[in-house]
Amino acid sequence: MISYVLRRIVIAILTTMAAVTATFIMLRIAPGDPIAVLLGDMASDAEIADARQAYGLDLPIWQQLMVYLGRASTLDFGQSIAQGTSVRELVLSHFPHTLLLAASTMLVVIILALPIGIYTAVRKGQSASHATNAASLVALSLPEFWTGIVMILIFSRMLRWLPSGGAESGWSLIMPTITLALPLIAVNLRLMSTETINVLRAPYITMARARGLPRGSILRRHVIRNALIPVVTVGGIQLGHLLGGAVIVETVFNWPGVGQLLIRSIGIRDYPVVQGCLILMTFSVIVTNMLVDFAYRLIDPRFRRG
Amino acid sequence: MTLAEPMVARPITREPAIAVAGLSITARDDAGSSLPLVKDISFTCNAGEVTALIGESGSGKSLTATALLGLLDPDVYDVRSHALSVAGYPAAPHDPESLAPIRGRKVGYIVQDPGAALDPTMKVGDQLAELFMIHRGMSHSDARREVIRLLNLVRIPNATARADDYPHQFSGGMKQRVIIAGAVALSPEVLIADEPTTALDVTVQAEILTLIDDLRNEYAMGVLLITHDLGVVYQVADRVLVMYAGRIVEKGEVEAICSTPAHPYTAGLLVSVPDLSRTGAVSAAIPGSPPRPGLDRGCPFAPRCFQAQSVCATDLPVLQQSGHTMAACHFPISDGVRHG
Ligand SMILES: Nc1ncnc2c1ncn2[C@@H]1O[C@H](COP(=O)(O)OP(=O)(O)O)[C@@H](O)[C@H]1O
Ligand SMILES: [Mg+2]
């Protein structure tokens, strides 16, 4: 088990490094120049050259990469070109908001999608289950920006119940959470439902019935646990994405998370910050994958080897 | 009663273990058409006896067994019967769940394929302990003691440690023993065992059969034993039901069926015993293969029968007394005439 954990951590570090390298190179190849944005149209060639030197942008890409990786290994991700502050501080100051939004979204998704999914599976073929399926199909096809804007129109402009953006109070969390949660509820609900239906047909469920176990016990003790296995995988991937920052929703609701920081930094070609955000995203995905893996081992003993 | 008389434990007169009349099972497909699979079968299994249900694979044995427990998926199968009672408990017509109260307690079930018959995510011991906790209201520790006793009973070595293993850590034969343990856990009056020894190697086969027979003696269970191994039938059965293409074509006591079969199909099965015990193949003695499930006309065995006449192709024979057994055949093999 310990060797397994160590192996996973080494793999995680190598994956992060590979992702850093790839994004680093892509950012340098992409059109646009941070110095031009920073200094504006009026800067002289000499000023631009000085600034490039100051930020190390005059070196060949591979040298820049070496310098960057060297510093990154000491958790120094450089300075924001636009603001001059440390990238680490900047990203970490936005992360709690992203974390909060991701956590509240996943919570809502779990609380709603799993029980409703199980319910529709048990009520297969009845009108309640058809209605839920239709509703989740609609929820799945709504683009986030559209749901977000419609909610702002209704609940902020017309009814004046909720703030349209920002993160000043707990109320601000409601609409971004719902916007993010709706399509995820739809996906997980349908997955939970089909998995439950599949498990209900499994021979070991027939055998549990043959032993006279009541329906409720069978559902609680055998069906749900087995049906959860694929849902945990998918839920983990979703959580990984949420932790990297929800770009569209954070922008629509002016939510000060990592996604918003990323979009703003891309706009002004603030490479070090963009790079920092991307590293955080990669890292979130890697960490949640590891968590999913551990969860898997808890649920399914067949994975407990090595 | 005089002292000279031996003290023989006489079986208490009980209701038949299983009594079924006019059982039919039809599969519905998505297109809405229906496919008759088991057709109007009736039989009785006596308490304390082993009744063997034999026939080539595909003849409807497993469907029959599952229907007796009310376990067929009603979305797929339409199950009808005039009367069905298991362990003296009558099932409500058209409600398979009416049998739920006796499952596990009064009737145990051993499934044909043990491979996926245990929950992969739960310790084997816990899956058995459930039975005692739910049906008997025992505490977990009491239930666990019972589980260890059961695992010893079905001769799983190292029972205490094995109770904490998961199904994937068990071999096929060991899983089958766990399934048997679950089936007999609450000392049911009836045991339905669907090919409990196929897919096991020969030594394990013999052990499992002995085990079932021992358990029958111990609990005086009525056993419906499905098999296509006639060696097994000789060894443990009291009575035999022969199934072909969803119908019972012959039934009788084991000696009568084995020595003077009346139905040409049974006779063919008997001739092919040597292969049967190894591979389950009967083709050696009976040419051709069973008809595909569905509607039929006349005797379903006629196309393969060495003595079929024109009436066999048009009229369905009904079960009637012929010699020492009941057979559904227009031209039963008569006493003394040996098929060779
Ligand atoms: N849902 C179904 N649709 C069509 N045919 C089916 C269905 N279920 C079972 N059958 C057929 O019914 C026959 C009897 O099956 P089964 O009871 O398992 O036979 P046995 O146990 O005697 O080998 C088989 O030929 C099988 O293919
Ligand atoms: Mg079968």
Sequence-distant lysines (8 or more away, or on other chains) whose Cα lies within less than 19 Å of B:K39 | B:K61, B:K251
Hey, what angle do you get for helix A:45-54 against the long axis of chain A, alpha-carbon based, 0 to 90 degrees rounded to 10?
-> 50
Using amide H atoms built 1.01 Å from N in the peptide plane, name the residues 5+ places from B:V223, or on other chains, whose amide H lies under 5 Å from its own.
-> B:G48, B:E49, B:V50, B:T51, B:L191
Lysines within cross-link reach of B:K123: Cα-Cα under 20 Å, excluding same-chain residues under 8 positions apart?
-> B:K175
For B:S171 paired with B:N152, estimate the spin-label separation in nm (one decimal), with each label point 7 Å from Cα along the Cα-to-Cβ line.
-> 2.3
Ranked by Cβ crowding within 10 angstrom, fewest neighbours first, how are B:H135, A:H94 ordered?
-> B:H135, A:H94
Could you state the angle between the C-alpha long axis of helix B:202-219 and the longest principal axis of the C-alpha atoms of chain B, as a value from 0 to 90 degrees rounded to the nearest 10?
-> 80
Report the residue, chosen from A:A51, A:A30, A:A186, that carries the largest GNM mean-square fluctuation when chain A is represented by alpha-carbon nodes joined by springs under 10 Å.
-> A:A30
Where the centre of each part is set by its Cα atoms, how far does region A:134-169 sit from region A:41-71, in angstrom?
-> 43
Once label points are set 7 Å from the Cα along Cα→Cβ at both B:R80 and A:Y4, what is their separation, rounded to one decimal in nm?
-> 5.4
Residue order, fewest to most surrounding Cβ atoms within 10 angstrom, among B:L37, A:L59 | A:L59, B:L37
Gaussian network model of chain B, Cα springs within a sub-10 Å range: biggest mean-square fluctuation belongs to which of B:S62, B:S81, B:S289?
-> B:S289
Decide, for chain A, between rounded, prolate and oblate: order the square roots of the alpha carbon gyration tensor eigenvalues as a ≥ b ≥ c, take rounded if a/c falls under 1.5, and otherwise choose prolate if a/b is larger than b/c, else oblate.
-> oblate
Pick out which of A:D45, A:D270, A:D76 has the largest mean-square fluctuation in a Gaussian network model of chain A, springs linking Cα atoms closer than 10 Å.
-> A:D45
Region B:118-188 to region A:108-133: how many Å between their Cα centroids?
-> 33
So, with points 7 Å from each Cα along the Cβ direction, the A:I237-A:R123 label distance in nm works out to 2.9
On a 0 to 90° scale, report how tilted helix B:140-153 is relative to the longest principal axis of chain B, with both axes built from alpha carbons and the result rounded to the nearest 10.
-> 50
At R0 = 22 Å the Cβ-Cβ FRET efficiency linking B:D315 and B:L295, nearest 0.05, sits at 0.90
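For the residues B:C299, B:C329, B:C305, what sequence is obtained by ranking on other C-beta atoms within 10 Å, fewest first?
Taking fewest neighbouring Cβ atoms as first place, the list is B:C305, B:C329, B:C299.
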What is the distance in Å between the Cα centres of region A:227-269 and region A:178-216?
-> 28
Please give the FRET efficiency for B:D164 paired with B:E255, using the beta carbon to beta carbon distance and R0 = 60 Å, rounded to the nearest 0.05.
-> 0.80
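Any read-out appearing in this document is the output of simple, stated calculations on the displayed coordinates, not a laboratory observation. Just so you know, these numbers come straight off a predicted model, no measurement behind them. With ideal geometry, Cβ positions are generated from the backbone for all residues, glycine too; neighbour counts draw on all protein chains shown.
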